[in-house]
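Step one of this worksheet: look at the structure below.
The values are calculated or read from the model by the stated rules, or taken from the named source; none is laboratory data. Model, not experiment: these values are computed from the prediction. All Cβ positions, even for glycine, are placed from backbone atoms using ideal geometry, and neighbour counts span all protein chains on display.
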Amino acid sequence: MNRTPILPTDTPPAPSASIPAGPTSPFVAPRFDALLLVCGRCAERGSGPPRRKAKKLPGEFRKALGAERPRFRIVESSCLGLCPKKATAVAAATGDGPLRLAAVRGRSDVQAVADHLRRRG
C-alpha cells in the first residue's frame, strides 16, 4: 500500500478551514478549534486539591471559556505527567503553538488559564 506521509507545515490551517473529506481522506472537519485535557489521575487522587471537586473542573472550564471562538473540546485524559501537589494538571492544545501545561489549584487558576487561552486562540 502506498502511503503518503503527513508533513508539518510552517503555518497551521485556520480553524474554520475545511479538511478535504471523501473516499481518499480519513479526515473530517472537527466541530471544535482547540483541546483542553484534564488529568484523570489528578481528579481521582486522594491527596488532590482541597475544597475542590476535581470532577467539576471540566464544567468550570466550560463556563469560563464560553461558547464563542475558539471553541474548546474539554476531555479527561490519562496522566499528563505534571503531577502537581494539591492541584490538577491540565494541558491545552490550540494549534497555534506548543502544548501548554498548567497546575490548577483554585477557581482563580481556572479563570487565569481560560483568559490566557482566549487571548491565544
task = Among the residues of the range 69-121, write down those that are of a type in the set (Gly, Ala, Ser) and not in a loop (DSSP other than H, G, I, E, B).
result = Ser77, Ala89, Ala91, Ala92, Ala93, Ala102, Ala103, Ser108, Ala112, Ala114
ask   = Restricting the first residue to the range 27-43 and requiring it to be surrounded by fewer than 17 Cβ atoms within 10 Å (Cβ to Cβ), which pairs with a second residue that is β-branched (Val, Ile, Thr) and modelled with pLDDT under 90 meet a Cβ separation below 6 Å and a spacing of at least six or different chains?
value = Phe27/Ile19; Ala29/Ile19
ask   = Scanning for something at pLDDT below 90, of a type outside the set (Val, Ile, Thr) and exposed (fewer than 13 other Cβ atoms within 10 Å of the Cβ), does the range 69-80 turn up at least one residue?
value = no
message = Regarding the range 53-62, can at least one residue be identified that is exposed (fewer than 13 other Cβ atoms within 10 Å of the Cβ), in a loop (DSSP other than H, G, I, E, B) and modelled with pLDDT under 90?
response = yes
